[in-house]
Structures are given as structure tokens and as C-alpha cells.
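A short worksheet on the structure shown next.
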Amino acid sequence: MIYIQQAILHILDINTNEPIYSLAGLDITEKFTLDYIHAMIEKVEDSDNMKEGTLPEDSPVVGMLANVKDDFVAATRALTDKFYGITKLNYEIPAADLLFVQFTLDEVACLGMFKLNYSDSITHHVSQEDDTLTNHLIVNRAILPSARQAIQEGMVLNLESMQYHVLEKKHMITELAEKRFYFTEMFLEDEPKPSLKENIAMIKKAVQKTSKAFNDEEFVALAETKQALVHSMEEENVIDNQVVADRLFGDNYAKKEKFFQEVEELGYVDRAPAEVAVAGPKFSKQKLRLDNGIEISIPMDLYQDAEVVEFINNPDGTISVMIKNIEKIKNLF
């Protein structure tokens, strides 16, 4: 249960020499505002791109939050100053507004910080000179994301444990001449754990390398990997590396050793929280693209049903796919 206590919006327009600070909070009695804030919180909490970490006691951000419950406006202004000090020096970081929210999540005190990047939109403008009224088209360059749109950067921070959930995107840092995750590296000054999406990508890459090392069919290994991931997420709400390895390689200890070596080198975090629902609908199906251009989408629970689909290894080294027992075909045009 989310209970919104207060919220404030500060403007980081790079065309100004300093942030435009709000001296008062948003009106959270308005349903539109409440719905928007709820949507921002859920976009961070329900994303497979979400990373988590914990701020150390000596973190500058922790110091800025010492009085956040007593002086919300001043604390958010200090955070805005630190954030603006980074963005104003790096022109490729998009201009934005910062939305701060103090709330409780399941009765735990939290702070939300959401970077609302600007986008362009066309609107009309009416002018009148003498007796001539003219309608014009103009570009509004400070349109904020709607409640339905994804956001690139945002954070939900547990004010008791200082554990945070964050969405972020790499941007070019002028001084370093390279793209960095500036939100965590430069603003939070911390390194979070990989996201669910990143963990899954590491598992996939490790399986590909293991398959190549042992001359296994990659498409078979990846299909089995997806099933193993779904099983682990459904059973334990985590990705258990051991469960994945057992389902993929059984008693083949050489393959397991190679797989474990690869995931460790890639930075995978074992038993990190994970849910199939968060991982996305792509985990409900096995999707295959054949080298002749044909694409096949098979529901996960039917993929290994020999009465529905069969993969046949031909003597010439090619593979045939047989789809069986079809009663009716519908064109999805």
C-alpha cells in the first residue's frame, strides 16, 4: 500500500543558470497529481531494468536526507543542487524536472526521486495584430512524460535502511569522454547490483559461450535456459544459478564448471529477487527465427510436448521443425 505524504517539483532547465526551486509542495489532494505520482513509483518498482543497492552511512546523499522528514523542501533542494551540478556540465544529459515524493510503502518511510525528461510537442498559439487574428503552430520543448510513458531515470529510497531501487541510463560525461551511469556513479556515488534484465542477459551470454565451447546447438540450449529461468522465478522468486545449471547440464560437471566461470566473470549476482511477471511477457513463449526467414512463436508449456512440436536432426546436418495435430489455422493479418 502506497500512502503519499507530500511531493515537490524542481526545474532543471539547462537554459537557466540555476535550478528553479519550488518553495511549496504540489497539491496532492488533486486526483491527477496522486495518480501521476503512483505511476512514477510503480514504473521503478515494476521494471526489469530496476537495480538495487544500499547507501553507506558516510554517503553525501544520506547526509542531505538527515532532516528530510522535518524539512522536506530544504532536503530536496540540496539533492537538486547536487544533481544539477552534474547535469549542467554534461550537455548530453537531457533537461528535466525533478519530482520528489515522500511516502510510505507498506508502512515503510520512503523517498521517491524521478527525473522527468523534456520532450517536444506541437501546440497552437493565437496572436492578434490590429484587427487580424492569426493562429500559429509553435513547439513546446518542455513537455513532461505522461503517466503511461516509461521514464529513464528514477529512484525509490527506503529512508530506514537506505536501500534503494533505481532506474538509470548511460549518458556521455564530457570530462571522462565516455558514457557512464551518472545517476548512481556520480549522484548517489554508489554501485548497485545488476538489474533482473542484466542478470538474465549475463546468464544468456554464459550459456552461449558454454554451448560454443562444447559444440552444442545454441538454440536448444537457450530454449532450455528460458525454461530453467521461468522455473526458478516461479518456484522461488529468484534466479538460482545452481537450479539453472542443474536443469541445463545435469551431471555434466565440465559444462557446469565452464558455465559458473562465465557468469562469475560477467558479474552475475546469484539469487537476486526475480519474478516472471516483472521479466515480461517474452518469457511466456519460445521465439525462434530460422535462417530462411521463418519465425515461430511457441507457448512455453507446449515447447517440449512431442505431440505438438518436434525438432528433427537430418542426416545432412540440417534441422526440420514439425508442428503436429493442427485442427485449425487462423491468419493474424
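The values are calculated or read from the model by the stated rules, or taken from the named source; none is laboratory data. Owing to the predicted nature of the structure, the values given are computational and were not obtained by experimental measurement. Cβ sites come from the backbone with ideal geometry, for glycine too, and all protein chains shown count toward neighbours.
Annotations
- Scanning the stretch 235-254 for residues that are surrounded by 13 or more Cβ atoms within 10 Å (Cβ to Cβ) and in a helix (DSSP H, G or I) turns up E236, N241, V243, V244, A245, D246, R247, L248, F249.
- For D35, the test of being more than 17 Å from H171 (Cα to Cα), touching a residue at least 24 places away in the same chain (Cβ under 8 Å) and surrounded by fewer than 17 Cβ atoms within 10 Å (Cβ to Cβ) is passed.
- Every residue from the stretch 13-47 that is under 24 Å from E275 (Cα atoms) and of a type outside the set (S, T, Y): I37, H38, A39, M40, I41, E42, K43, V44, E45, D46
- Residue in the stretch 3-12 that is at pLDDT 95 or above, small (G, A, S) and either touching a helix residue (DSSP H, G or I) at 6+ places or on another chain (Cβ under 8 Å) or not assigned by TED's automatic domain parsing to the domain that holds A96 (or both) present: yes
- Unique residue being touching a Ser or Thr at 6+ places or on another chain (Cβ under 7 Å), aliphatic (A, V, I, L, M) and crowded, with 17+ Cβ neighbours inside 10 Å when the list is V156, V207: V207
- The set of residues in the stretch 255-279 that are of a type outside the set (A, V, I, L, M, F, W, C), crowded, with 19+ Cβ neighbours inside 10 Å, within 18 Å of E198 (Cα to Cα) and out of contact with any Pro (no Cβ under 9 Å at 6 or more places or on another chain) contains only E262.
- Qualifying strands (runs of 3 or more DSSP E) (wholly inside the stretch 259-333; at least 2 residues being hydrophobic (A, V, I, L, M, F, W, C) and under 30 Å from the mean Cα position of the chain (by Cα)): 295-299
- Filter result for the condition that a residue is among the β-branched types (V, I, T) and in contact (Cβ under 8 Å) with a residue 40 or more places away in the chain, over I122, I151, I143: I151
Residue-by-condition table, conditions (1) closer than 27 Å to E191 by Cα; (2) of a type outside the set (A, V, I, L, M):
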| site | (1), (2) |
| --- | --- |
| N17 | no, yes |
| L23 | no, no |
| S59 | yes, yes |
| D71 | no, yes |
| L105 | yes, no |
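- Taken together, R141, R148 contain a single residue that is more than 29 Å from V61 (Cβ to Cβ), assigned by TED's automatic domain parsing to the domain that holds A39 and not in a strand (DSSP E or B), which is R148.
- Verdict on I326 being surrounded by fewer than 16 Cβ atoms within 10 Å (Cβ to Cβ), in contact with a Leu (Cβ under 8 Å, 6 or more places away or on another chain) and free of Cβ contacts under 8 Å to residues at least 40 places away in the same chain: no
- Filter pass, A201 being loosely packed, with under 14 Cβ neighbours inside 10 Å, free of Cβ contacts under 8 Å to residues at least 12 places away in the same chain and either out of contact with any Ser or Thr (no Cβ under 6 Å at 6 or more places or on another chain) or closer than 30 Å to K256 by Cβ (or both): no
- On inspection, L116 qualifies as farther than 29 Å from V238 by Cβ and buried (at least 19 other Cβ atoms within 10 Å of the Cβ).
- Residue within the stretch 194-212 that is under 20 Å from D81 (Cα atoms), in contact with a strand residue (DSSP E or B) (Cβ under 8 Å, 6 or more places away or on another chain) and not in a helix (DSSP H, G or I) present: no
- Qualifying positions in the stretch 223-267 - under 17 Å from D48 (Cα atoms) and in contact with a strand residue (DSSP E or B) (Cβ under 7 Å, 6 or more places away or on another chain): K226, S232, N237, V238
- Unique residue being in contact with a Ser or Thr (Cβ under 8 Å, 6 or more places away or on another chain) and either loosely packed, with under 14 Cβ neighbours inside 10 Å or in contact (Cβ under 8 Å) with a residue 24 or more places away in the chain (or both) when the list is A66, A24, A74, A7: A7
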